[in-house]
Each structure stands twice: as structure tokens, then as C-alpha cells.
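Undergrad: Before anything else, here's the structure in question.
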Amino acid sequence: MSGLKDWEKPETINTDKAPTYGIAIAELKKDGKVPDTVTHRHLNNVIEADHGKLKQLIRPVRGFKTLKTAYATIKGFEVMRVLKKGQAQLCQFQEDIMGEVRLMERQFGVYSF
């Protein structure tokens, strides 16, 4: 997290109930890679429900060849789901369609003029 700006650093890390997450987060805190102020929450049902929808979208893709491809594809799916669910208002500077356009530009580094 050292490469993140202060406003990008999480206050909370949400995971499912796999015991390895708690161990890993505690170790990262001990090593100073995650601030001690970060809380860890177990949200198994919420995360699994959301994860299931993402898996349905990814299944037809049949896996990814590189981490870069996986990152870009999943980011695209997530941005589109946020727009579809009406959750983008928190990130938009404008409330109309141009707010969505600007959000897409910021997320994907593509700018229209």
C-alpha cells in the first residue's frame, strides 16, 4: 500500500471467512505494509453473492492468459456493474450521462474531447 495516495488507502478490508485472510492481514500489519488502523471484516454472504455474479460473467471468457488481461477485464465488468446498479453517483462529478462518461474516462484512461 506504500504506492497508494492517502485517500486511496482502505479503512476496512472485507473478506470471506477463509482463515488465511486474517493471518495474511495480521502479518502485513506486523510488517508495516498495512496500517494498524485498518479493520478486517468477514462478510461471507455479501462477498460470495457478489463474487457469484462476477464468475457468471467471466465463465464464458474461459480464463485469462495474463494478469494484465484479467485486471482489465474484471475492472471493466465491475465498472459496468456499478453503473447498472446505480452505485456510480458517489464517484461522479455530474449526475447526468456525462458524469458516467467522465467516470469511464477516469477508470480506463480514455478521454473524449
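The values are calculated or read from the model by the stated rules, or taken from the named source; none is laboratory data. Just so you know, these numbers come straight off a predicted model, no measurement behind them. Virtual Cβ from ideal backbone geometry, glycine too; neighbours counted across all protein chains shown.
Undergrad: Identify, from the list Gln92, Gln107, Gln87, the residue that is surrounded by 10 or more Cβ atoms within 10 Å (Cβ to Cβ), touching a Gly at 6+ places or on another chain (Cβ under 7 Å) and at pLDDT below 80.
TA: Values: Gln107 fails: touching a Gly at 6+ places or on another chain (Cβ under 7 Å); Gln87 fails: touching a Gly at 6+ places or on another chain (Cβ under 7 Å).
Being surrounded by 10 or more Cβ atoms within 10 Å (Cβ to Cβ), touching a Gly at 6+ places or on another chain (Cβ under 7 Å) and at pLDDT below 80 holds for just one of Gln92, Gln107, Gln87, which is Gln92.
Undergrad: While we're here: Residues of segment 14-38 being out of contact with any Leu (no Cβ under 8 Å at 6 or more places or on another chain) and part of a loop (DSSP other than H, G, I, E, B), which ones?
TA: Lys17, Ala18, Asp31, Gly32, Lys33, Pro35, Asp36, Thr37, Val38
Undergrad: Collect the residues in segment 51-84 that are at pLDDT below 75 and among the small types (Gly, Ala, Ser), keeping them in residue-number order.
TA: Hits for segment 51-84 are Gly52, Gly63.
Undergrad: Related question: Which one is farthest from the chain's Cα centre (by Cα), of the residues in segment 1-13 that are within 17 Å of Thr37 (Cβ to Cβ) and part of a loop (DSSP other than H, G, I, E, B)?
TA: Filtering first and then ranking leaves Ser2.
Undergrad: Also: When the residues of segment 14-45 are narrowed to those that are surrounded by 12 or more Cβ atoms within 10 Å (Cβ to Cβ), under 17 Å from the mean Cα position of the chain (by Cα) and more than 19 Å from Ser2 (Cα to Cα), which ends up modelled with the highest pLDDT?
TA: Tyr21
Undergrad: Tally up the residues in segment 59-75 that are closer than 22 Å to Leu103 by Cβ and in contact with a Ser or Thr (Cβ under 8 Å, 6 or more places away or on another chain), please.
TA: Total meeting the criteria: 0.
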